[in-house]
Amino acid sequence: MIITKQTQIGGAVPEHNDSTFLYTDPPTALGFWIALEKCTPDNGALSFLPGSHFTAPIMKRFVRLPEGGTGFEQLVPHGVEMPLQTGRYILEACNPGDLVLIHGSVLHKSERNTSPHTRFAYTFHMIDSPPYALYDHKNWLQPTPEMPFSHILDAPNVVVEV
């Protein structure tokens, strides 16, 4: 997927973790984010909350709604208070061709593009498949016979006993 932040108007992306959108049990999402142009504080470079993949639970997931369309399903029972995430976001400026690996549970965000320069990036994600993780039928993105998910391996790795 190409992510575009147009000059002066490219919008902010609020704090989130990618496992909200690619939910597996257990969580296994890994994002590959490749800068196609220089990414700076002014044109919406990514920011990360260090250590949040250890402390920020996945609180919701993006699903297909029974009545049609998509929306969020809460994973934390109503009334249960989750601890607020504290810390300082670290902004990561990037040059064209830089690869940023994003753990599916790490909180990240980007500010709006206030510069006269565009910010283009290419991103894709990987998840584990059975027997290592289950991909739920309620997830918004579903494989079909005509458009299955790509696989790196035809079958799971064979376990070699030493």
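The values are calculated or read from the model by the stated rules, or taken from the named source; none is laboratory data. Keep in mind that this is a model prediction, so the values were computed, not measured. Counting neighbours? That spans all protein chains shown, and the Cβs are built from the backbone with ideal geometry, glycine included. Accessible surface areas use protein heavy atoms only, side chains included; no ligands, DNA or RNA. Shrake-Rupley method; radii C 1.70, N 1.55, O 1.52, S 1.80 Å.
Values as computed for the structure displayed
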read-out	value
Count - residues of the range 93-122 that are closer than 19 Å to G10 by Cα and hydrophobic (A, V, I, L, M, F, W, C)	4
The range 94-124, residues that are within 21 Å of F72 (Cβ to Cβ), open to solvent by less than 70 Å² (accessible area, probe 1.4 Å) and in contact with a strand residue (DSSP E or B) (Cβ under 8 Å, 6 or more places away or on another chain)	I102, G104, V106, L107, H108, K109, S110, T123
Meets criteria (of a type in the set (G, A, S) and closer than 20 Å to F124 by Cβ) for S52	no
Criterion: modelled with pLDDT under 95, over 15 Å from the mean Cα position of the chain (by Cα) and not in a loop (DSSP other than H, G, I, E, B) - qualifying residue of E73, E67	E73
Residue among S105, S110 that is closer than 14 Å to A93 by Cα, touching a residue at least 40 places away in the same chain (Cβ under 8 Å) and hydroxyl-bearing (S, T, Y)	S110
Residues being in contact with a helix residue (DSSP H, G or I) (Cβ under 9 Å, 6 or more places away or on another chain) and at pLDDT below 95 - total across the range 87-103	1
F120 within 29 Å of P50 (Cβ to Cβ) and not basic (K, R)	yes
Residue in the range 64-82 that is surrounded by 11 or more Cβ atoms within 10 Å (Cβ to Cβ) and closer than 17 Å to V100 by Cα present	no
Flag if S52 is touching a residue at least 40 places away in the same chain (Cβ under 8 Å) and surrounded by fewer than 19 Cβ atoms within 10 Å (Cβ to Cβ)	no
The range 131-147, residues that are assigned to a loop (DSSP other than H, G, I, E, B) and either of a type in the set (A, V, I, L, M, F, W, C) or open to solvent by 80 Å² or more (accessible area, probe 1.4 Å) (or both)	P131, Y132, A133, H137, W140, L141, P145, E146, M147
